[in-house]
Amino acid sequence: MALRAIASRKTLAALGSGLRAQARLATTAAAAAASRGLVTFSLPDLPYDYGALEPAVSAEIMQLHHQKHHQSYVTNYNKALEQLEDAVARDDAPAVVKLQSAIKFNGGGHINHSIFWKNLAPIHEGGGEPPKGSLGWAIDADFGSWEAFVQKMNAEGAALQGSGWVWLGLDKEFKKLVVETTANQDPLVTKGADLVPLIGIDVWEHAYYLQYKNAKPDYLKNIWKVIDWKYASEVYEKECR
Amino acid sequence: MATATVAATAPLSNGFLLRRGPNEGAKSARGLQWTKNHRQSPSSRRFGAAVITAKFDLKPPPYPLNALEPHMSANTLSFHWGKHHRAYVDNLNKQIVGTELEAKSLEDIVIQTYNNGDLLPPFNNAAQIWNHDFFWESMKPGGGGKPSGELLKLIERDFGSFEKLCEELRAAAATQFGSGWAWLAFNPRPSDGKELLVVKSPNAVNPLVLGYIPLLTIDVWEHAYYLDYQNRRPDYISIFMEKLVSWDAVSAKLEVAKAQAA
């Protein structure tokens with residue numbers, strides 16, 4: 001469901017000449033692939049300005065994170081998928097297997113970041129407000145309290161070594177909420193086929209370094225001020241119907 | 001910490017400590033080393049009147065923190081060495097207090113806690129201390145250029161040319177996904193006769209655990225380059241190869257590696 005929303009043919013809003021050139025390249029390649037019937041993915045627009053999450057997350061970080069890091073995952077994901085299609089077409093099994101890591105890295109990066117942008121909102125649009133309704137009650141039930149939940153997320157995020165993500169996930173088989181971490185750009189589903197991501201917090205250094213430097217715990221403390229629960233609640237309610 | 005590979009770098013460190021002048025890094029590090037050895041710290045224990053202090057020190061780079069400008073800023077060094085590297089040292093010291101690891105060299109702790117890939121908790125800190133000590137030594141002010149002598153001979157034998165080595169090193173550094181390192185390493189028991197090889201490793205892993213002897217490393221954790229290059233890791237790698245790498249250090253480590261292997 002989430003993937004269908006991502007795989008739209010939306011093009012990037014022009015945000016500068018360098019970006020326009022990059023966007024042209026991406027859309028040209030995408031157009032070429034699309035003309036062969038290959039699904040291509042594109043960078044989703046942010047529903048808020050780069051500066052809208054300040055002071056929790058700086059405009060500089062948001063712009064680099066979206067325009068450079070996420071864009072690069074999209075571009076390389078499309079490239080890997082095209083190479084995969086070619087490898088399958090010529091029955092090249094070793095090449096198919098060799099492409100799996102590029103698909104996981106870049107596809108995972110695209111999936112994870114697309115969720116992340118939806119997990120964030122400016123304060124005046126509801127960012128920072130804890131969830132109400134069934135998801136709010138579930139957090140209390142499964143973690144004891146909102147504070148305990150946030151503490152657990154932050155502890156796991158801080159303890160993660162290297163690059164990765166900390167997640168609030170729903171185990172849809174047992175209808176239980178879980179806190180999990182994944183390494184690099186591994187999507188949450190790599191930790192369990194029944195896990196549905198509700199909230200993801202990027203703890204790659206690029207997500208906070210320019211602003212918080214080595215103080216990852218400060219980043220984790222502050223990002224809750226702009227974590228938005230509309231998307232997470234929608235997904236939760238749909239799965240728990 | 002006295003293993004053959006680390007001893008080979010001792011001349012560089014001693015040279016640094018003897019230098020006087022506007023040497024912020026040296027002053028603060030020497031001060032830190034003094035207080036660590038002479039003051040009871042939270043991570044020390046008491047046995048009657050004797051105090052056992054923290055085992056490992058934060059070793060300073062063999063040059064001032066601003067010496068690699070403009071290629072690697074003093075700002076970066078102040079965080080990378082002053083915060084990240086320092087934290088690994090502080091945290092390892094806390095972790096090994098009262099354990100059998102306290103009696104071991106850093107290299108031994110790295111190998112033991114690697115535990116054949118089933119990492120034990122102190123591994124990350126121990127290996128990152130080792131890796132960062134090694135990283136500062138892999139660079140020098142006015143670095144770059146080409147290797148010479150025995151090192152160049154072996155590079156040409158095992159890679160075909162210096163240019164091919166650079167290509168492989170850059171590719172390894174650029175394609176190490178997530179956090180990690182790229183290395184030039186010496187294999188003392190090569191099955192194909194090639195003693196030099198390029199290796200990339202994730203997070204804190206280093207070639208020691210593979211039985212190789214590291215000769216050169218480039219840190220590709222984002223904290224190593226983000227303040228100066230942001231997402232542009234390839235630019236950082238290029239500058240490292242063109243302006244920072246210390247082939248002298250690599251030659252010295254190769255000599256030690258060959259002596260060890262003989």
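The values are calculated or read from the model by the stated rules, or taken from the named source; none is laboratory data. Owing to the predicted nature of the structure, the values given are computational and were not obtained by experimental measurement. Note: ideal-geometry Cβ built from the backbone for every residue, glycine included; neighbour counts use all protein chains shown. Heads up: the accessible areas ignore ligands, DNA and RNA and are worked out on the full protein's heavy atoms, side chains in. Shrake-Rupley method; radii C 1.70, N 1.55, O 1.52, S 1.80 Å.
Considered as a group, the residues in the stretch B:53-63 that are open to solvent by less than 50 Å² (accessible area, probe 1.4 Å) and modelled with pLDDT under 95 include one that is farthest from the other protein chains (Cβ to nearest Cβ), and that residue is B:T53.
Looking only at the stretch A:156-180, count how many residues are within 13 Å of chain B (Cβ to nearest Cβ), outside any loop (DSSP other than H, G, I, E, B) and either buried (at least 19 other Cβ atoms within 10 Å of the Cβ) or in contact with an Asp or Glu (Cβ under 6 Å, 6 or more places away or on another chain) (or both).
Keep residues of the stretch A:156-180 that are within 13 Å of chain B (Cβ to nearest Cβ), which gives A:158-165.
Now restrict to residues that are outside any loop (DSSP other than H, G, I, E, B): A:158-159, A:164-165.
Remaining after also requiring either buried (at least 19 other Cβ atoms within 10 Å of the Cβ) or in contact with an Asp or Glu (Cβ under 6 Å, 6 or more places away or on another chain) (or both): A:164-165.
So the count comes out to 2.
Summed over the stretch A:44-64, residues that are crowded, with 19+ Cβ neighbours inside 10 Å, within 11 Å of A:Q211 (Cα to Cα) and more than 14 Å from chain B (Cβ to nearest Cβ) total 2. Within the stretch B:156-163, not a single residue is closer than 27 Å to A:K216 by Cα, assigned to a helix (DSSP H, G or I) and touching a residue at least 12 places away in the same chain (Cβ under 8 Å). Among the residues of this structure, B:K140 counts as one that is open to solvent by 40 Å² or more (accessible area, probe 1.4 Å), within 25 Å of B:D57 (Cβ to Cβ), among the charged types (D, E, K, R) and touching a helix residue (DSSP H, G or I) at 6+ places or on another chain (Cβ under 9 Å). For the stretch A:181-229, filtering for residues that are within 14 Å of another protein chain (Cβ to nearest Cβ), assigned to a loop (DSSP other than H, G, I, E, B), in contact with a strand residue (DSSP E or B) (Cβ under 8 Å, 6 or more places away or on another chain) and among the charged types (D, E, K, R) leaves 1. What are the residues in the stretch B:189-213 that are over 21 Å from B:D133 (Cβ atoms) and touching a residue at least 12 places away in the same chain (Cβ under 8 Å), if any? The answer is B:R189, B:K194, B:E195, B:L196, B:L197. As a summary of the residue check, A:A141 satisfies the conditions (1) away from chain B (no Cβ under 14 Å); (2) open to solvent by 40 Å² or more (accessible area, probe 1.4 Å); (3) part of a helix (DSSP H, G or I); (4) touching a helix residue (DSSP H, G or I) at 6+ places or on another chain (Cβ under 9 Å) except for the one numbered (4). Every listed requirement among (1) open to solvent by less than 40 Å² (accessible area, probe 1.4 Å); (2) in a helix (DSSP H, G or I); (3) in contact (Cβ under 8 Å) with a residue 12 or more places away in the chain is met by B:A174 save one, (1).
Put simply, of B:F79, B:F123 the only residue that is closer than 24 Å to B:K55 by Cα, in contact with a Lys or Arg (Cβ under 9 Å, 6 or more places away or on another chain) and within 14 Å of chain A (Cβ to nearest Cβ) is B:F79.
The listed residues are B:N91, B:N66, B:N37, and the only one of them that is surrounded by 14 or more Cβ atoms within 10 Å (Cβ to Cβ) and either at pLDDT below 95 or within 14 Å of chain A (Cβ to nearest Cβ) (or both) turns out to be B:N91.
Quick one: which helices (runs of 4 or more DSSP H) sit completely within the stretch A:40-137 and have at least 2 residues that are within 24 Å of A:N222 (Cβ to Cβ)? Can you show your working first?
On the way: elements: A:59-64, A:71-89, A:93-98, A:100-118.
Hits in the stretch A:40-137: A:59-64, A:100-118.
Close contacts from the stretch A:130-145, counting a first residue that is free of Cβ contacts under 8 Å to residues at least 40 places away in the same chain and a second that is surrounded by fewer than 12 Cβ atoms within 10 Å (Cβ to Cβ), with Cβ to Cβ under 9 Å and a gap of 6+ residues or different chains, come to A:I139/A:S145. Does A:K104 satisfy the criteria of being of a type in the set (D, E, K, R), under 27 Å from B:W181 (Cα atoms) and crowded, with 17+ Cβ neighbours inside 10 Å? Yes.
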